[in-house]
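Participant: Below is the structure I would like to discuss, written out as structure tokens.
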């Protein structure tokens, strides 16, 4: 399951737009793809790096001032729910960053999501490699809000029946086209779809069970 995002920044925006590159975090030089009269010398990223390195007691508040917290928590939760292990939170890979000059807030954008549902039973508190994710979840406020955001997504967004119906609809369109290009791939496509369909079902059960235990603590 692979999703692609444009390398272009959000429409009608003039802030700094960065490409995360390959296995790079914010303390390394990220490519500045586009900008217009926004902060210079990666000052937006440097400020976030400094906030991440604050003592735990002050860290959440400092990070909250610099990122769109609700979007970031949604980003983290969805990356883990779909077990996109090769994204920013778990592998410091396949992501973009946009700094909005109007709000002075940073937003993380997923990209190249081609490793989803690899482990449907993966932990909902994995070993985060992205240090913004790791540092946030090390704070009591960050962990609590992350778990609540995940619970909200599982209740109101992650609808297994709707996801599988969408998958079935796409299979009917993609399989004939794929078979016309590569007969072997076309024959194997059903197996790949079945793996993903099973992963979607198993993941819901696994996440719900883990959340139930953690939210009771």
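The values are calculated or read from the model by the stated rules, or taken from the named source; none is laboratory data. It should be emphasised that the depicted structure is a prediction, and the values quoted were computed from it without experimental measurement. Backbone-built Cβ (ideal geometry, glycine too); neighbour counts: all protein chains shown.
Participant: May I ask you to verify whether residue 88 is modelled with pLDDT of 95 or more, crowded, with 20+ Cβ neighbours inside 10 Å and in contact with a helix residue (DSSP H, G or I) (Cβ under 6 Å, 6 or more places away or on another chain)?
Facilitator: No: the conditions fail for residue 88.
Participant: Sort through 136, 76, 48 and tell me the only one that's at negative phi, assigned by TED's automatic domain parsing to the domain that holds residue 26 and touching a strand residue (DSSP E or B) at 6+ places or on another chain (Cβ under 8 Å).
Facilitator: Selected residue: 48, the only one of 136, 76, 48 that is at negative phi, assigned by TED's automatic domain parsing to the domain that holds residue 26 and touching a strand residue (DSSP E or B) at 6+ places or on another chain (Cβ under 8 Å).
Participant: Let me ask something else about it. What number of residues within the range 25-41 satisfy the criterion of being within 30 Å of residue 140 (Cβ to Cβ) and surrounded by fewer than 17 Cβ atoms within 10 Å (Cβ to Cβ)?
Facilitator: Summing the residues that are within 30 Å of residue 140 (Cβ to Cβ) and surrounded by fewer than 17 Cβ atoms within 10 Å (Cβ to Cβ) in the range 25-41 gives 2.
Participant: Would you pick out the residues in the range 196-217 that are without any contact (Cβ under 8 Å) to a residue 40 or more places away in the chain and surrounded by 13 or more Cβ atoms within 10 Å (Cβ to Cβ)?
Facilitator: Listed by number, the list holds a single entry, 197.
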